[in-house]
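The structure appears right after this line, and notes come after that.
The values are calculated or read from the model by the stated rules, or taken from the named source; none is laboratory data. Quantities reported herein were computed from a predicted structural model and do not represent experimental measurements. Here Cβ is always computed from backbone atoms with ideal geometry, including for glycine, and neighbour counts include all displayed protein chains.
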Amino acid sequence: MSQNKPNPTVNKSTGLPRKRFYRARAHSNPLSDSHFPVPLSPSHVDYSLHYPQLFPLADRTDTCKKIEFADVGCGFGGLLISLSTLFPETLMIGMELRDKVTEYVKERILGLRVANPGQYQNVSVVRTNSMKYIPNYFEKGQLSKMFFLFPDPHFKEKNHRRRVISPHLLDEYAYVLQVGGIIYTITDVEELGEWMKSCLQNHPMFEPLSETELEADPIVKLLNTATEEGQKVARNGGQTFQAVYRRITPAS
Amino acid sequence: MEGAEMEEARVEDREHDHNNTQEDAQIEESEQKNKDAEVAPALVSVHPTQNSVAVAVGSDLRVFNLLDNCAVNLVDESGGASHNDSIRCIKYGTNGKLFVSAGDDKLFKVWSTDCWRCISTVVSEKRLSAVAISNDGLHVCFADKFGVVWVVDLAGFDGSEASLDKKAAPLLSHYCSIITSLEFSLDGRFIVSADRDSKIRVTVFPSKPLDGAHEIQSFCLGHTEFVSCLAFISSPDSPQGILVSGGGDSTVRLWDIISGSLLDTCEVGAKVESDATEGNCSIITGICTILDCTLIAVAIQSLRGIMLLACNLPSRTLSVTKLVSIIGENFVPTSLGSSISGGLLWMVTGASKFRGPDISPCSRVKGISGFNKNSPDSSEQEPVVLADTELPGGVKLLEKLQGSMLIDEKVFLVAADAVKTAMCNLLNKKQYSDEKREFRKRTRNDKKKKQ
């Protein structure tokens, strides 16, 4: 095989992966037993694999910098790519259950790193089931922001327990978020929007951001514009429903 | 089809197209496994001051009163159903006033130990896998096979009312993972839950449990397979106690639950394999602290006896002190129990229904005494397996708890084996090669089977 043969899955001019080679089913069953590797604990997450330029050595005892943003169900990674340059000093990771989609984001990040030397070194992606393994990746209070953008709506009532925002899973998100950390959710499904909002509203460890705080937060605007799903909704002139909440210390 | 509900939810690709012979074979295999998974081990639990001993085998709950030296007749007038399928978990409360039982029949029963009356029966939607009683005796908890822990408020119960009609409220949840063990910390501040996904979660037990327990104190992560059992060791410098856990990875581990950090790991499997077990299966099936918690007895699959571990509190380390073998009898303990201060370790072996020479549930009870607190290595006093007549209650107790004195002991080997297979099928994750997984994905059929 000639080494010069162009790789058809990569766009020749940008060096980025072409989405049509990474199509995947829109839904994945979060309840099934996982067969991909999962780190034993947060200290087993290999930062040198995810951020090779920032962590050249596999041993990271000398540095205390940790992942701070998690995009849960990152899809094709649109938001992460925008955040990467907006917060160049912050480590962030996307978590996605679908194998092919994760591969796409991986290639996309590698392509961007090559095309823009020095940039996009703070962003990575991992294939995992965040509903099961969040505590394996992050320590207590490690994250400052979590994103749940356009999650699977799981309309049927019997499948509500598969929703990524649920009263009991919020306990785990509250555990990995630091006090003051922010959870961002958005959807184009009104029913799901109401569900996510009521779950957060009823949880003793979350409070909503005020209107002025929402105005001042540059990330809120990205929720609609940066993701592939958000752009699709905008193209079709659809409506979106967001809920942005802060992690607080529960009143005891 | 309720027997397979777990499987149904967990791996929908379990269901197959009937036209394919290869798949037919797989269905048979998986159905056979379902059947095997329903074999439940015999269980034992001991009153904190050894007033009584309880054994559960199949749907049978047997209690012997050691104070009056007589068998106990359970009185169940709570209006709820009686246990009609395998009991999976039994436990006494710390003050000994309450006793709880739950299992595959989805019934959770609370008993008052004064007169052995059932004071409350809660019907769950799912099968139950673990139970716990809060240290103040005001709340009782049970966990179902979908990973939800429920709490029932017993406030207002003073023993005078006939029964309590109580509803359970969800307390916390492990995301669709079977909860294998549930324990309160020694100071009662935390509730600890262990699951099939090698996770131990430490949650602050709230002042209003009916509103849910939202504050997670820590996760104890380090087991590489499912966690099967939990126990607490008391230590002068930690009121909550030091957590001990055993699991499918053949290790017993020591944890600081406040930080979730792993203090020590004891590879028990390596110590056993050479002399007592066959094969490589040395899953920890039970742990029990004895003698004011200075010693830990460990039950291991296929081991005819128990392993004794000592915990060095100042250095917070675990070490194997002794292997106590049961000689002359095929006795692989399926459950261990001890009173808080008593130096007697109770063991039971047996199983609910299983495919074997004897269809009926069977159990055999034994005891070990002679544990030496100060010098576990000393040769003056060795732990000894008691003869039947040396047990408190003697033959009378055995007749009650075993149901019979004359059981062919070969049955117990078959029973222990059935329990082992059932546990592996229930808790071990199925491993498929990439090709097989692809094949299963391609041929999956999400539609529910018509009954």
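Is at least one residue of segment B:149-162 within 15 Å of the chain's Cα centre (by Cα) and of a type in the set (S, T, N, Q)?
Keep residues of segment B:149-162 that are within 15 Å of the chain's Cα centre (by Cα), which gives none.
Looking through segment B:149-162, none of the residues is within 15 Å of the chain's Cα centre (by Cα) and of a type in the set (S, T, N, Q).
Quick check on segment A:172-191. Is at least one of its residues closer than 28 Å to B:Pro206 by Cβ and in contact with an Asp or Glu (Cβ under 7 Å, 6 or more places away or on another chain)?
No - not one qualifying residue is present in segment A:172-191.
Residues in segment A:118-129 that are within 13 Å of chain B (Cβ to nearest Cβ) and either touching a Ser or Thr at 6+ places or on another chain (Cβ under 6 Å) or over 17 Å from A:Asp46 (Cα atoms) (or both): how many?
The number of residues fulfilling the criteria is 1.
If I filter segment B:408-439 down to residues being touching an Asp or Glu at 6+ places or on another chain (Cβ under 8 Å) and more than 30 Å from B:Ala194 (Cα to Cα), which single residue comes out as surrounded by the fewest Cβ atoms within 10 Å (Cβ to Cβ)?
The residue in question is B:Asp408.
Can you tell which of A:Val244, A:Val220 is touching a Phe, Trp or Tyr at 6+ places or on another chain (Cβ under 9 Å), at pLDDT below 95 and either away from every other protein chain (no Cβ under 14 Å) or not in a helix (DSSP H, G or I) (or both)? Lay out the reasoning, then the answer.
Values: A:Val244 fails: at pLDDT below 95.
Every option except A:Val220 fails the conditions.
Restricting segment B:200-251 to residues that are in contact with a strand residue (DSSP E or B) (Cβ under 7 Å, 6 or more places away or on another chain) and among the charged types (D, E, K, R), which is surrounded by the most Cβ atoms within 10 Å (Cβ to Cβ)? Lay out the reasoning, then the answer.
Just the residues of segment B:200-251 that are in contact with a strand residue (DSSP E or B) (Cβ under 7 Å, 6 or more places away or on another chain), to begin with: B:200-205, B:209-210, B:212-213, B:215-223, B:225-235, B:240-248, B:250-251.
In the following step, the residues that additionally are among the charged types (D, E, K, R) were identified as B:201, B:215, B:225.
Numbers: B:Arg201: 28, B:Glu215: 19, B:Glu225: 18.
So, considering only residues that are in contact with a strand residue (DSSP E or B) (Cβ under 7 Å, 6 or more places away or on another chain) and among the charged types (D, E, K, R), the one surrounded by the most Cβ atoms within 10 Å (Cβ to Cβ) is B:Arg201.
Looking at (1) within 14 Å of chain B (Cβ to nearest Cβ); (2) at pLDDT below 95; (3) over 15 Å from the mean Cα position of the chain (by Cα), can you tell me which one A:Val164 breaks?
It fails just one condition, (3).
Across segment A:19-52, which residue is surrounded by the fewest Cβ atoms within 10 Å (Cβ to Cβ) among those that are more than 14 Å from chain B (Cβ to nearest Cβ) and more than 29 Å from B:Gly222 (Cα to Cα)? Even if it seems obvious, please write down each step before you answer.
Just the residues of segment A:19-52 that are more than 14 Å from chain B (Cβ to nearest Cβ), to begin with: A:19-23, A:26, A:46-52.
Subset that is more than 29 Å from B:Gly222 (Cα to Cα): A:19-23, A:26.
Values: A:Lys19: 14, A:Arg20: 7, A:Phe21: 14, A:Tyr22: 19, A:Arg23: 10, A:Ala26: 9.
Only one residue fits best here, namely A:Arg20.
Tell me, which residue of segment A:194-217 that is among the aliphatic types (A, V, I, L, M) and more than 14 Å from chain B (Cβ to nearest Cβ) is farthest from the chain's Cα centre (by Cα)? Can you show your working first?
Initially, segment A:194-217 is screened for residues among the aliphatic types (A, V, I, L, M), giving A:196, A:200, A:205, A:209, A:214, A:216.
After this cut, where a residue has to be more than 14 Å from chain B (Cβ to nearest Cβ) as well, the list is A:196, A:209, A:214, A:216.
On the way: A:Met196: 16, A:Leu209: 20, A:Leu214: 20, A:Ala216: 22 Å.
So the residue we want is A:Ala216.
Within the group A:Tyr51, A:Tyr133, which residue is farther than 24 Å from A:Arg23 by Cα, in contact with a Leu (Cβ under 7 Å, 6 or more places away or on another chain) and among the aromatic types (Phe, Trp, Tyr)? I'd like the intermediate steps shown before the answer.
Values: A:Tyr133 fails: in contact with a Leu (Cβ under 7 Å, 6 or more places away or on another chain).
The unique qualifying residue is A:Tyr51.
Which one of these is hydrophobic (A, V, I, L, M, F, W, C) and either surrounded by fewer than 17 Cβ atoms within 10 Å (Cβ to Cβ) or touching a Leu at 6+ places or on another chain (Cβ under 6 Å) (or both): B:Ile327, B:Ile300, B:Ile340?
The match here is B:Ile327.
Where in segment B:186-268 are there strands (runs of 3 or more DSSP E), lying wholly inside it, with at least 1 residues that are of a type in the set (Asp, Glu), under 18 Å from A:Tyr133 (Cβ atoms) and more than 9 Å from chain A (Cβ to nearest Cβ)?
In segment B:186-268, B:190-195 are the strands (runs of 3 or more DSSP E) which contain 1 or more residues that are of a type in the set (Asp, Glu), under 18 Å from A:Tyr133 (Cβ atoms) and more than 9 Å from chain A (Cβ to nearest Cβ).
Filtering segment A:135-161 down to residues that are away from chain B (no Cβ under 14 Å) and of a type in the set (Phe, Trp, Tyr), which residue is farthest from A:Leu40 (Cα to Cα)?
Checking each candidate, the answer is A:Phe155.
Determine which member of the set A:Glu172, A:Glu191 is within 14 Å of chain B (Cβ to nearest Cβ) and not basic (Lys, Arg). Lay out the reasoning, then the answer.
Working: A:Glu191 fails: within 14 Å of chain B (Cβ to nearest Cβ).
When all the criteria are applied, what remains is A:Glu172.
For segment B:164-182, which residues satisfy the criterion of being more than 15 Å from B:Val152 (Cα to Cα) and either away from every other protein chain (no Cβ under 12 Å) or in contact with a helix residue (DSSP H, G or I) (Cβ under 6 Å, 6 or more places away or on another chain) (or both)? Break it down into steps so the answer makes sense when it comes.
Start the filter on segment B:164-182 by keeping residues that are more than 15 Å from B:Val152 (Cα to Cα), which leaves B:173-181.
Within segment B:164-182, B:Ser173, B:Tyr175, B:Ile179, B:Thr180, B:Ser181 qualify.
Only one of A:Lys197, A:Lys140 is surrounded by fewer than 21 Cβ atoms within 10 Å (Cβ to Cβ), in contact (Cβ under 8 Å) with a residue 12 or more places away in the chain and in a loop (DSSP other than H, G, I, E, B). Can you tell me which?
Result: A:Lys140 is the single residue among A:Lys197, A:Lys140 that is surrounded by fewer than 21 Cβ atoms within 10 Å (Cβ to Cβ), in contact (Cβ under 8 Å) with a residue 12 or more places away in the chain and in a loop (DSSP other than H, G, I, E, B).
Kindly indicate whether any position in segment B:148-157 is within 12 Å of another protein chain (Cβ to nearest Cβ) and at pLDDT below 85.
Checking segment B:148-157: not a single residue is within 12 Å of another protein chain (Cβ to nearest Cβ) and at pLDDT below 85.
How many of the residues making up segment A:87-122 are in a loop (DSSP other than H, G, I, E, B) and in contact with a Lys or Arg (Cβ under 8 Å, 6 or more places away or on another chain)?
First, pick out the residues of segment A:87-122 that are in a loop (DSSP other than H, G, I, E, B): A:87-90, A:97-98, A:116-122.
If we keep only those that are in contact with a Lys or Arg (Cβ under 8 Å, 6 or more places away or on another chain) as well, we get A:97-98, A:119-121.
Selection size over segment A:87-122: 5.
For segment B:335-424, give me every one of the strands (runs of 3 or more DSSP E) that falls completely inside it and has 1 or more residues that are modelled with pLDDT under 85.
B:362-369
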